[in-house]
Amino acid sequence: MASSDVDGRADGSLFSDQNPSELDSLFPSNSESSRPQRNYERIGGRTGTSFCQTLIHLLKGNIGTGLLGLPLAVKNAGLVLGPVSLLVMGIIAVHCMKLLVKCSHHLSAKLNRPSMTYGEVMQYGMENVSWLRSRSRWGSRTVNLFLIITQIGFCCVYFVFLSDNVKQVVEAANATTFSCQVNHTNQTNVLVPSFDSRIYMLFFLPFFILLVFTPNLKFLAPLSLLANLVMTLSLVLIYIYSLMNITLPIDLPTVGRAKDYPLFFGTAIFAFEGIGVVLPLENNMQRSQKFTQVLYLGMGIVTFLYISLGTIGYMCFGEHIGGSITLNLPNCWTYQAVKLLYCFGIFITFALQFYVPAEILIPQVLARVPERWEKPVDLLLRTLLVIITCALAILIPELDLVISLVGSVSSSFLALIFPPILQILTFHTEGLSPVTTIINLIISVVGLLGFLLGTYVAVVEIIARNNVKHEETFYAYMVQ
């Protein structure tokens, strides 16, 4: 993160106008970044990223734990309705990403700025409306707030994902073999019960704290590359297993229960919430006028992966599908290794996701302490943020419901609600057609409904599962 960005946050506001991205730490700053763009192409743009590099970053920013939860999402929507809904959601998500880039281009040219962050686009878009001008800074602060919620939510999901998968590997270790034959449910046999998954979260806590103490994320670049490779290998093995073990004939509901569809929405929008990396990628591309091609190609690949793994995974495991497809892999060393490799990749990715809320919140506090206390306070705040993240994960140790809740609460705003509103604000004085305005309003309303219904259903399910667990614990205690 450039020092000027950090200094700019010491203005006393809780949320600054700068929206850091985990990509900022891995991209070298352009020497020409202070010069305005012409035709949206960097002057002397050789210092930026190439077409292929940008495509790889876009794929990495969209493929994570959300992909592994999509088979359960398809189950909640139905074998036919689920894939169709994923396709529609993918088209809408790409459309909203394109709207954000379009608004950024227009406002950058209008204000003679080289680039903008998501929050700045919201702020300057609100300044186009006279009665919102005095409140425009709240637009940037609102975007930052949802960025913080989203990234902290991702980190909570990582805690639950690691604890569930490592717990399963440990409990099945004594019975793990080299034979990957399918059992009746295709689930790993839990043979030696161990600790509660929340104990595993506490075990991982000090390691996550040490990880976020890394002074510069560039030091993690080699590990990040290794993590990408092992996660890719793991996904390939998951695809192969799922395809080879689909049982025919397939007798699964084509349309799921209506009350489960909001859970599908939350999981799907969680998976598609890569809009936070769009502007950092576009801003750092050598020839940014080609970013639209990167966006369509990259998100086309992402959407194909989402639909295919979601459908194939549900067809393979059926009603027994877990919150992550890794939890359904068989009890053999090959697929136990897949779980551990994916856990390693998620562990390294935690530092990248944690970077965003840390760089928004911590500089605000450091600006108010003496210089000699900056380092201890910085480490203390990082520790507290990780502890808070772990505590939230412990409160909701249900992987599928955490994913759905995070997607419904925050991802729906960043990916669906804000971009269409931004286009209306940015172009309302320049002859925006009524049809475009209506389409934008429909997308935002759909996102708002998804937020309300998805959040409500996820919270209700969380409460219900907790009640069941409490009853089981009480019954076990009474039997003893």
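The values are calculated or read from the model by the stated rules, or taken from the named source; none is laboratory data. Owing to the predicted nature of the structure, the values given are computational and were not obtained by experimental measurement. A quick note on method: Cβ atoms are made from the backbone with ideal geometry, for glycine too, and the neighbour counts reach across all protein chains shown. In case anyone asks, the SASA skips ligands and DNA or RNA and just uses the protein heavy atoms, side chains included. Shrake-Rupley method; radii C 1.70, N 1.55, O 1.52, S 1.80 Å.
Couple of notes before you dig in:
- Linear extension gain, LEU229 paired with PHE213, 0.36 nm per residue minus alpha-carbon span: 3.4 nm
- Length gained on full extension, ARG368 to ARG465, computed as 0.36 nm times the residue gap minus the Cα-Cα distance: 30.6 nm.
- Using Cβ point charges alone (K and R +1, D and E -1), the dipole size of the stretch 108-169 about the Cα centre works out to roughly 260 debye.
- Label-point separation, LYS375 to ILE387 (7 Å along Cα→Cβ), nm: 2.2
- With Cα atoms defining each centre, the stretch 381-450 and the stretch 205-253 are spaced 25 Å apart in the structure.
- Euclidean distance of C-alpha centroids, the stretch 263-311 and the stretch 84-118, integer Å: 12
- With a cut-off of 15 Å between beta carbons, the residues surrounding VAL230 carry a summed charge of +2, where Lys and Arg count +1 and Asp and Glu -1.
- Theoretical gain in end-to-end length, LEU87 to GLU319 [0.36 nm per residue, Cα-Cα removed]: 81.3 nm
- Note that the stretch 371-480 carries a Kirkwood radius of 17.8 Å, evaluated over its alpha carbons pair by pair.
- Heavy atoms of GLU319 accessible to a 1.4 Å probe, total area in Å² rounded to 10: 100
- 19 Å reach of a label modelled at HIS95, 7 Å along Cα-to-Cβ, counting backbone N of the stretch 412-436: 412-428, 432-436
- Environment charge at ASN328 (Cβ cut-off 13 Å; Lys +1, Arg +1, Asp -1, Glu -1): -1
- Seen from SER104, the other residues with C-beta closer than 9 Å to its C-beta sum to a net charge of -1, counting Lys and Arg as +1 and Asp and Glu as -1.
- Binned Cα-Cα distances of the stretch 274-432, short to long, each 10 Å bin given as a whole percent: 7, 21, 32, 25, 12, 2, 0
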